[in-house]
Amino acid sequence: MPATITPNKTDAERHRRIDDHDNGSGKRPPTDKRTGGGGDNDNWNDRSRGRRGPNERLHRYRMGVFFALASDLMFFVAIVSTFFVNQATGHINPYNQYVNDWVPTTIPPILWLNTAVLLLSSVTMEIARRQMFRENDVMDEWLGLGKPITRRTRPWLSATLALGLVFLTGQWIAWRQLALQHVYFRTNQSSHFFYLITGVHAVHLFLGITALIAAFIGLYVSHSLETRQILVDSTAWYWHAMGILWIFLFALLAFFQ
Amino acid sequence: MTPHQPNLTPQQHPRHADASSRQRRSLLGHIFTTDHRIIGLQYLTLALISVAIGTTLSLLMRIHLVWPGWPLPLHGLILPEEYLALVTIHGTIMLFFVLTTAPQAGFGNLILPSQIGARQMAFPLLNAASFWLTAIALFTLLSSTFVPGGAAISGWTAYPPLSAVPSAGPGQALGMDLWLLSIALFAIASTANSINTLTTIIRSRCDGMTWERLPLTVWGWFTAALLSIIAFSVLLAAILLLLCDRHASTSFFLPTGDLINGVLHTGSSGSPLLWLHLFWFFGHPEVYIAILPGMGLTSMLLANFSHRRVFAYRTMVTTTLLIGFLGILVWGHHMFVSGLNPFATTAFSISSIAIAIPASAKVLSWLATIWRAKPQYATAMLFSLGFVSLFITGGLSGPILAQPILDQYLYNTFFVVAHFHLIMAMAGVFGLYAATYYWFPLITAALGLPPRLMSERLGRWHFWLTFLAAYAVFLPMHLAGLAGEPRQYAQLTGIPGANGALSPTGALLAHAIPSNLHTTYSAFFLAAAQFIFLFNLVYSLRRGAPASENPWQATTLEWHPFLNKFANPLTPISASDDQITVYRAPCEYHSTSIGDTFLPQWINSTPVNPKPE
């Protein structure tokens, strides 16, 4: 056996990458970027320089929510176009007369109140969202000095949740009031649309409330600050979109019957 | 469920890790995985099952058209309503679960992340959820065949009022509900998949992969995903409204006084045309969702095998986006015979004919790319050339149908069937075949097998037989349509006075029989030729010729040694510590005195700034 020691392959290929915070100790420093992209083993090193920041995952989720909302917008565009088409559609009766049997539905006044509540909830939601990104608190959490972000966000998130539930209850009261006037889903075309549009929007808000609860639980459960930020941030953008959408739908139901 | 990955020090290079450190994932880990390659293969498997079912159904239709007395084994005679159910399920399966699923979700998952230098999709869990939702949708659709009354019979377009009234036909009760449910689930899954695709393309490109360096396949996937986002939710809304009409006594699509099968609709008046508008607002972008990835792939493959750049790359990007944009504005050309304002008819006619401009630009670029290039005629290249041929042939009948006057005669004839089968179905399938032959080594590697190539010899047989049979089936169909043979008719015979002047219809249909016999025989020939492919697929998985790291001298990133799984099929790509950077546009080939050279996107030959300013 020759008295030479063949260095093993890993030694031969050892190379320090100072640019990647490799100090040569063999272990990766805590700033290891390889587990970037949110712990899913995505490799930040591949990204262009503008895409390596700590908020990369947050921005990715934001974009996902944005596309989902764009798609959702088309869903409502389709339903609203149907509203206008059906409003203008008539038929020819047995006496050869053109009849348009659209009977406008008068909206219950409580909808004004509900709209105000929903707008207010968007404000509280936005405050909650901004609490998630206060730099001092983010730094405190990063240093392990308690959970100031959770503490500050909690009341505003709860307020949004409560206002959201108030809105849904208000919508339910509106449906009850219409039902007392014997206006049901199947009464006439206009009422189809009133119940359909408010109903579909309520389903969306219900999903929003589920997201709020998930964000609330996430505030306590998740150890990753970024995950918590994503949960609150995504919920907030969804919530705002539903608020803005409601203003348009409300205007449609109130003024374009 | 990302497979467990031990912490690797930079020295323990995973591509050199010895076999003992590999961990075979459990079976469940393979099935419910978030690995985009496996999800892509799952989508492709689903599409393969669907295409087998869809083809079988089409053969049954062909048989019934020419031999209506033939009893289907274990079933008996095919009744007219069963023929309509065959039409419905064939169309639905092929369009949704094959032509939308395989190029966009299947190869989109298998290849797209690597082509932009990403190791994962943007939302892996959402990705897996989309696939399983698609699988549930397919299961729902297939299950509708076995409920009382059978499957829906109103075609893949499900026009009301017949689709809105459960008593309209045997399959229009529970079968129709399941059909609507299946498509609703599919719409949600497709939207989720498109959100994922778009976010991945926008946010996960690697260093240096600028928009102008994207392979054209990625542009195809990008545009198709944009169209999905816009179109599928409109379909979802339409389905919701139709379900309300069916079950909640509304009348969005039902006109007052509508009498169907003894049931009089007395409610308020809706409009069946409204469904047509909503459906085709989805339906036309849908056919571009099916074909745009194939167009992008054709551009890349023609350039790859010709060892050329893509001719007019920027124009190709523009035309891809333009086809997508125009695709949203042309839905009315499906409604020329359904009733449309004459002004709207003109507008839709103009916008439809306008699509010929970007489409011709694409064809010109394809021809210019291969012009005097002495290409390498691999099977993948043959199928890409076949795509171009079918795209031209099928496309030429497009401007004919886009003219309202001609369309009124042709719309309900086999001419339309021939048109969309050539340009969408056949061209789409040729794109899929090209993709399979081209990316087969990546498919085997994704399965954890050593990279292999498909047999070229069998591939050439498969191509030529398929190519001839495709034309043999669909070219005579144009003539049958011009002669007036109606589509969606259950049978051509049995009309009284078939030979006399007593019944012109009977005489017309009787004259169509010889051409239909030819079509049926050719269809069987076409289907039989696909067994060569199936055999090749199964055989090559285990016994195909071993593939080198970059068997086609490709320049795009899916062949990057860190992104393909050739060296270590069982190690997850994400574990690699190597940096991926792109230095140039795709398809850089040079002819020098010593021979041809090619420069993949990831090779840094000249010390240049990775990002051009």
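The values are calculated or read from the model by the stated rules, or taken from the named source; none is laboratory data. Given the structure is predicted, the values throughout are model-derived calculations rather than measurements. Quick reminder, even Gly has a Cβ in these numbers, built from the backbone with ideal geometry, and neighbours come from all protein chains shown.
Are any of the residues in segment A:66-86 on the phi > 0 side of the Ramachandran plot, at pLDDT 50 or above and more than 9 Å from every other protein chain (Cβ to nearest Cβ)? No, segment A:66-86 contains no residue that is on the phi > 0 side of the Ramachandran plot, at pLDDT 50 or above and more than 9 Å from every other protein chain (Cβ to nearest Cβ).
If the condition is being more than 7 Å from every other protein chain (Cβ to nearest Cβ) and buried (at least 24 other Cβ atoms within 10 Å of the Cβ), then segment B:255-276 contributes only B:Trp275. When A:Leu212, A:Leu231 are screened for being without any contact (Cβ under 8 Å) to a residue 40 or more places away in the chain, buried (at least 19 other Cβ atoms within 10 Å of the Cβ) and under 29 Å from A:Ala128 (Cβ atoms), only A:Leu231 passes.
Those residues that are β-branched (Val, Ile, Thr) and either surrounded by fewer than 23 Cβ atoms within 10 Å (Cβ to Cβ) or at pLDDT below 95 (or both), I need them from segment B:292-318; list them, please. Across segment B:292-318, the qualifying residues are B:Val310, B:Thr315, B:Val317, B:Thr318. Could you tell me whether any residue of segment B:227-244 is farther than 20 Å from B:Phe279 by Cβ and not polar (S, T, N, Q)? Taking every residue of segment B:227-244 in turn, none turns out to be farther than 20 Å from B:Phe279 by Cβ and not polar (S, T, N, Q). Pairing residues of segment B:451-467 that are over 12 Å from B:Tyr539 (Cβ atoms) with residues that are in a strand (DSSP E or B), at Cβ distances under 8 Å and at least 6 apart in sequence or on separate chains, gives B:Pro451/B:Pro546. Any residue at all in segment B:571-582 that's within 25 Å of B:Pro451 (Cβ to Cβ), of a type outside the set (A, V, I, L, M) and modelled with pLDDT of 85 or more? Yes, segment B:571-582 has at least one match. B:Asp207 meets the conditions (1) closer than 26 Å to B:Ser251 by Cβ; (2) in contact (Cβ under 8 Å) with a residue 40 or more places away in the chain in every case but one. The failed one is (1). Among the residues of segment B:455-476, those that are more than 22 Å from the chain's Cα centre (by Cα) and not basic (Lys, Arg) comprise B:Ser455, B:Glu456, B:Leu458, B:Trp461, B:Pro476.
Using the structure shown, decide if B:Phe524 is modelled with pLDDT of 85 or more and touching a Gly at 6+ places or on another chain (Cβ under 8 Å). Spell out the reasoning first.
Values: modelled with pLDDT of 85 or more: yes; touching a Gly at 6+ places or on another chain (Cβ under 8 Å): no.
When the stated conditions are applied, B:Phe524 does not pass them.
Among residues that are in a helix (DSSP H, G or I), more than 14 Å from every other protein chain (Cβ to nearest Cβ) and modelled with pLDDT under 90, A:Thr169 is not included. If you check A:Thr169, A:Thr198 for being crowded, with 18+ Cβ neighbours inside 10 Å and β-branched (Val, Ile, Thr), only one passes: A:Thr198. When B:Ser251, B:Ser299 are checked against the criterion of being outside any helix (DSSP H, G or I) and either β-branched (Val, Ile, Thr) or out of contact with any Cys (no Cβ under 7 Å at 6 or more places or on another chain) (or both), a single residue qualifies: B:Ser251. On the stretch given as segment B:107-123, residues that are within 14 Å of another protein chain (Cβ to nearest Cβ), farther than 19 Å from A:Phe66 by Cβ and out of contact with any strand residue (DSSP E or B) (no Cβ under 7 Å at 6 or more places or on another chain) total 5. Does segment A:88-95 contain any residue that is among the β-branched types (Val, Ile, Thr), within 9 Å of chain B (Cβ to nearest Cβ) and in a loop (DSSP other than H, G, I, E, B)? Within segment A:88-95, one or more residues are among the β-branched types (Val, Ile, Thr), within 9 Å of chain B (Cβ to nearest Cβ) and in a loop (DSSP other than H, G, I, E, B).
When A:Val183, A:Val203 are screened for being in a loop (DSSP other than H, G, I, E, B) and out of contact with any strand residue (DSSP E or B) (no Cβ under 6 Å at 6 or more places or on another chain), only A:Val183 passes.
Can you name every residue in segment B:161-182 that is crowded, with 23+ Cβ neighbours inside 10 Å and part of a helix (DSSP H, G or I)? Selection gives B:Gly171, B:Gln172, B:Gly175, B:Met176, B:Trp179, B:Ser182. Candidates in segment B:345-403 are the residues that are more than 22 Å from the chain's Cα centre (by Cα) and under 23 Å from B:Ser455 (Cα atoms); of these, the one that is surrounded by the most Cβ atoms within 10 Å (Cβ to Cβ) is B:Ala378.
Does B:Leu46 qualify as being over 30 Å from B:Ser114 (Cβ atoms) and either of a type outside the set (A, V, I, L, M, F, W, C) or buried (at least 20 other Cβ atoms within 10 Å of the Cβ) (or both)? No: the conditions fail for B:Leu46.
Quick grid of which residues meet (1) assigned by TED's automatic domain parsing to the domain that holds A:Tyr61; (2) farther than 26 Å from A:Asn100 by Cα; (3) modelled with pLDDT of 95 or more:
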position	(1), (2), (3)
A:Phe185	yes, no, no
A:Ile197	yes, no, yes
A:His204	yes, yes, yes
A:Ile209	yes, yes, yes
A:Ala214	yes, yes, yes
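Taken over segment B:199-239, the criterion of being out of contact with any Gly (no Cβ under 9 Å at 6 or more places or on another chain), in a helix (DSSP H, G or I) and farther than 23 Å from B:Ile188 by Cα is satisfied by B:Trp211, B:Glu212, B:Arg213.
How many of the residues making up segment A:101-152 are assigned to a helix (DSSP H, G or I), of a type in the set (Gly, Ala, Ser) and over 26 Å from A:Leu253 (Cα atoms)?
If we filter segment A:101-152 for residues that are assigned to a helix (DSSP H, G or I), which is where we start, we get A:110-131, A:135-143, A:148-152.
Checking the rest, the ones that are also of a type in the set (Gly, Ala, Ser) come to A:116, A:121-122, A:128.
Now restrict to residues that are over 26 Å from A:Leu253 (Cα atoms): A:128.
Qualifying residue count, segment A:101-152: 1.
Residues checked against (1) within 26 Å of B:Trp331 (Cβ to Cβ); (2) in contact with a Pro (Cβ under 7 Å, 6 or more places away or on another chain):
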{"site": "B:Thr145", "(1), (2)": "no, no"}
{"site": "B:Gly149", "(1), (2)": "no, yes"}
{"site": "B:Ala164", "(1), (2)": "yes, no"}
{"site": "B:Asp177", "(1), (2)": "yes, no"}
{"site": "B:Cys206", "(1), (2)": "no, no"}
{"site": "B:Leu226", "(1), (2)": "yes, no"}
{"site": "B:Leu235", "(1), (2)": "yes, no"}
{"site": "B:Leu240", "(1), (2)": "yes, no"}
{"site": "B:Ala248", "(1), (2)": "no, no"}
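Every test in (1) within 30 Å of B:Ala427 (Cβ to Cβ); (2) without any contact (Cβ under 8 Å) to a residue 12 or more places away in the chain is passed by B:Thr266 save one, and that test is (1).
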